[in-house]
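Enquirer: Got a structure for you, written out below as C-alpha cells; questions coming shortly.
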Amino acid sequence: MGVDLSDYRDALEFLFARTTGKWKFGLERTEAVLGVLGDPHRGLPTLHVAGTNGKGSVVATLDALLGARGLRVGRYTSPHLVDFRERILIAGKPVAEEAIVSFIRRWTPAVEEIGATFFEATTAMALDIFAREEVDIAVIETGLGGRLDATNVIRPLAAGVTSIGIDHVEYLGDTLEAIAFEKAGIFKPGVPALIGEPTVGIRALLSRLGRERGASVVRAVADETTISDVEVSASGTSFTIDGPMGPGRLTTPLAGRHQAVNATLALTMIDAVGGLMAAPLTEAAAALRSVSLPGRFHRSGKFILDVAHNPAGVAVLVETVRTVAPEPPVFCLLSVLSDKDWKGIMDALQPAVSRFVLTTAPTSPASRAWHPEEAKAYADDRGWPADLVPDFDRALFHAESEAGTLLITGSFHTVGDAMSRLQVSPLGG
C-alpha cells in the first residue's frame, strides 16, 4: 500500500523517520530492498570508487570523462551539501523531485519492514532510478569503508581505491592497514582493481589484496605512471603524465597537487575498462576541463569552502592554500563533528590561518556535535588566535567582516550550511 506523500522535503523526512540514521555494516538489507525492487542493479553498468580522501574527486572526474564520450552518466555520492538530490545526478543534473517522492511513496513500507538504514535505502533508490532512466554507466562512491558498505552490492566494470588515511576508526579500525583492508573489499573476482594510494607500503598491501580477491588486473598509478611538473593555481592543477596511456600535459579545474593523482586514477580506471569508454589522451585532456566538484577548494569571492574533515584531508587543503596564496589575512571558520580528530585538524590548519573562528554548524547531528569551547581552550593553550562564536550566522558574519580570505571547513555540514547562507549553489559548477 502506498504512502500519501506529495511534498519533496516531507517525503525525505518521512523516509528518514522510518529508517535509522545510524551506520550499519552488511549488505543483506540493501540486497533485500533491491530484491523487492526487482534487482535493478544486476544489469546496470557501474564503476565503483572507495578511499579515505579523494573519492569524490575521482567520481567527478570519471563523470566528466565518460560524459565527454557521449555516455549518459549516473553519479551517486554522499553526503550532500544543501539538497539531497546532489547525491543522485544524471548527465550532471539532479534527478527530479518527483522521482524521489515516487520512490518513497511506493517503497518506504518495504524499507521499514526490512529495517534498512537511510543510506541503504537511498543507495537502493539511486540504483533503481539509474536503471529506470537507462543510464549508460553509473559511477558509484562508497559511503563508508567498502567491504560491507551498502554500495558493495554492485559488480562494477572496474573498482578504484584512492588514498588511505585514518578516519572512521570506530568502524574501520585504527591502523592504515586495517582501513586499507576494508576499502579493498570493493575489489572483486574478474574485475580490474585500480589503486591511487601514493605510499609504497599501503599501495603494496592494496595490490596484494586485489590479487587475493581475484581481480582481472591490478594497476597502481604510482607503479606505472610518472606524474611530474605539477603546477597549482587558483584555476586548477596542471601536470604531465608518462605511462601506459602515453605522455601528455593535463589540467583539471580541481586545485591541489593530490588532484593530479586523482585525475590519473580516473583515467586509469577508464583505460582498464577500455572499449567505448576509453579515449585518446588528447580527448581526455579536453574533457578534464569540465570536471566540477562542489565543496572541494570551492572558491566564491573571498570564500574558500572545503569539506576536509580529517587531518590527512586538511593537510592537502593547507598545502593548496599556501600554493594559491589567497588575500590575507586568512581566517578559518571551523566546525567539526565530535567523532573526528578535531585536534589533529586544528594542528594541520594552524600554520595556514591567521585566526580561527570556532562555531557549530546548525545541521550537525546533535549526537555528533562538537564542543567548540574545548577547541577554544586548545587554541588558547597554544597561543593561537581564536574566537568562540557558537551561533553559526554570527560567526559567519564576524569572520567575513574581518578576513581577507575566509576558509570554511571541518565537515560537509559546515560547508553546506555556509553555502545555504551565502547563496552559493553546490551545483553551480
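The values are calculated or read from the model by the stated rules, or taken from the named source; none is laboratory data. None of these values were measured; they are calculated from a predicted model. Here Cβ is always computed from backbone atoms with ideal geometry, including for glycine, and neighbour counts include all displayed protein chains. Protein only, heavy atoms only, side chains kept; ligands, DNA and RNA dropped before computing areas. Shrake-Rupley method; radii C 1.70, N 1.55, O 1.52, S 1.80 Å.
Enquirer: In whole angstrom, how far apart do the alpha carbon centroids of region 321-341 and region 281-304 sit?
Expert: Value for the Cα centre distance between the two parts: 20 Å.
Enquirer: Where does region 18-168 land on Rg/Rh, using Cα atoms and the Kirkwood Rh?
Expert: Radius of gyration relative to Kirkwood radius: 0.93.
Enquirer: Going highest first, how would you order 363-371, 348-356 by mean Cβ packing within 10 Å?
Expert: Ranking, from highest mean packing down: 348-356, 363-371.
Enquirer: I've got another one for you. Could you tell me how far the Cα centroid of region 168-239 sits from the Cα centroid of region 86-100, in Å?
Expert: 29
Enquirer: Something else now. Have a look at ASP341, ASP387, ASP229 and tell me which one the Gaussian network model of the chain (Cα, springs below 10 Å) gives the largest fluctuation.
Expert: Largest GNM mean-square fluctuation: ASP229.
Enquirer: Can you list the lysines whose alpha carbon is less than 28 Å from that of LYS343, not counting same-chain residues fewer than 8 positions off?
Expert: LYS343 reaches LYS22, LYS24, LYS55, LYS183, LYS302, LYS376.
Enquirer: Measure out, as a whole number of angstrom, how far apart the alpha-carbon centroids of region 388-429 and region 7-44 sit.
Expert: Region 388-429 and region 7-44 have Cα centres separated by 31 Å.
Enquirer: In square angstrom, what is the accessible area per residue of the chain with a 1.4 angstrom probe?
Expert: Each residue of the chain exposes 39 Å² on average to a 1.4 Å probe.
Enquirer: Which value results for Rg/Rh of region 89-168 when Rg is the Cα radius of gyration and Rh the Kirkwood radius based on the inverse mean 1/r?
Expert: Computed over Cα atoms, the ratio is 0.99.
Enquirer: At q = 0.08, 0.09, 0.14 Å⁻¹, what log₁₀ I(q)/I(0) does the chain have when each alpha carbon counts as one equal point scatterer in the Debye sum?
Expert: Taken in order of the listed q values, log10 I(q)/I(0) reads -0.43, -0.54, -1.36.
Enquirer: Further question: Just to be sure I understand: with springs between alpha-carbon atoms less than 10 Å apart, which residue in LEU157, LEU305, LEU12 has the highest mean-square fluctuation in the Gaussian network model of the chain?
Expert: In the Gaussian network model the winner is LEU12.
Enquirer: When the accessible area of region 334-416 is computed with all protein chains present and a 1.4 Å probe, what percentage of it is carbon and sulfur?
Expert: 48
Enquirer: Also: Classify region 328-429 as rounded, prolate or oblate, taking a ≥ b ≥ c as the square roots of the eigenvalues of its Cα gyration tensor: rounded when a/c is under 1.5, otherwise prolate if a/b is larger than b/c and oblate if not.
Expert: The shape class here is oblate.
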